[in-house]
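Here is the structure we will look at.
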Amino acid sequence: MNCWAGSLCLLSLVFGGSALVAWTQVRSPANTPPVQTQQQKDEAPSRQGEGVFVFKKDVQEVVLHASVLDDKHHFVPDLGRDNFVVFENGQPQQVTFFHREDIPVALGIVIDNSSSMCDKRPAVNRAALNLVKASNPMDEVFVVNFNEEYYLDQDFTANIDKLQAALERVESRGRTALYDAIVASADHLKSNGRLEKRVLVVVTDGDDNSSRGTLETTIQRVQAENGPIIYTIGILGEERTKRTERSLNMVAESTGGVAYLPHDIGEVDEISRQVAHDIRNQYTIGYKPSTPQNQGGYRLIKVEARAPRHKKLVVRTRTGYFAGQERAAR
């Protein structure tokens, strides 16, 4: 690994039952604030120190961020708590808190920096900045550039100039370790993000050809309870394959996000605005599972929304989670 200005940061990535240790380089070191932990339940976010919004929730609760669309694919913003039913492994669950206001998010922008991305980066960078500008001004954002390695080029900040500088730090070369970058970014969100709502936006132009983890182990890692929503953007062009499309769709859909597969680089800017709109128009639903978390195992989630004035509503949220995984990984 080449030496850059900055310090080395050790990330431990655990896949299945084995541990994978990867040295990743931090080109722009930043002071990382401590994680905010919450032990109490509440039905609304609160502001704690430095304007940070956090949820007061029981450690056993599962938090879902859900987008609701009608039969014309329009967002439905005016539903109440009684319009939702949450199922875990087919069993209805008691909703413990609910709200629908726009809340700040901890956002990771994760961009492929391999050699094939060189001519695409200017358009991708503009779209990424527009995503941030269209978001809540209290969002905290970090930037990751990756090829076969993971580079944290800007830690959490709301400073547009710093984010732009990190996005423009392009060294397009090498191969694509997409899965490793996703897992490392999700771990960074969990360990260092102060906000409870967590999102990753991942941009790539090809299939993973360098990760030590697999698609299956990556999905398992990001499906810890209260894990991130992941939006994937695949600028695949002539390299479009069913394998790549499947990978991007599975990562996104399993976490409640969306996979975008544009045919032209010019579509990326509009996609970034769609992602920002989606994040800003989600319901937050919390429930305490009827089966204790310490029993472990994979839990299948389904959320239904019903309202008399709508014929059919589609709810997009995470499809499931591995119980106890988040606490075990700490």
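FYI, it's all coordinate maths here, none of it is from the lab. Just so you know, these numbers come straight off a predicted model, no measurement behind them. No Cβ is skipped: glycine too gets one built from the backbone with ideal geometry, and neighbour counts run over all protein chains shown.
Some notes on this structure:
- Using C-alpha pairs below 8 Å separated by at least 6 residues, the relative contact order for segment 197-330 is 27 percent.
- Out-of-range pairs (alpha-carbon distance over 20 Å; input K133/K162; K242/K302; K72/K311; K197/K288): K242/K302
- Mean separation of Cα contacts under 8 Å (6+ apart) over length of segment 103-280, as relative contact order %: 26
- Sequence-separation-based contact order of segment 85-148, relative, with Cα cut under 8 Å and 6+ spacing, percent: 46
- Neighbours of Q91, meaning other residues whose beta-carbon lies under 12 angstrom from its beta-carbon, give a summed charge of +1 when Lys and Arg score +1 and Asp and Glu score -1.
- Of all DSSP beta bridges in segment 103-280, antiparallel share, percent nearest 5: 20
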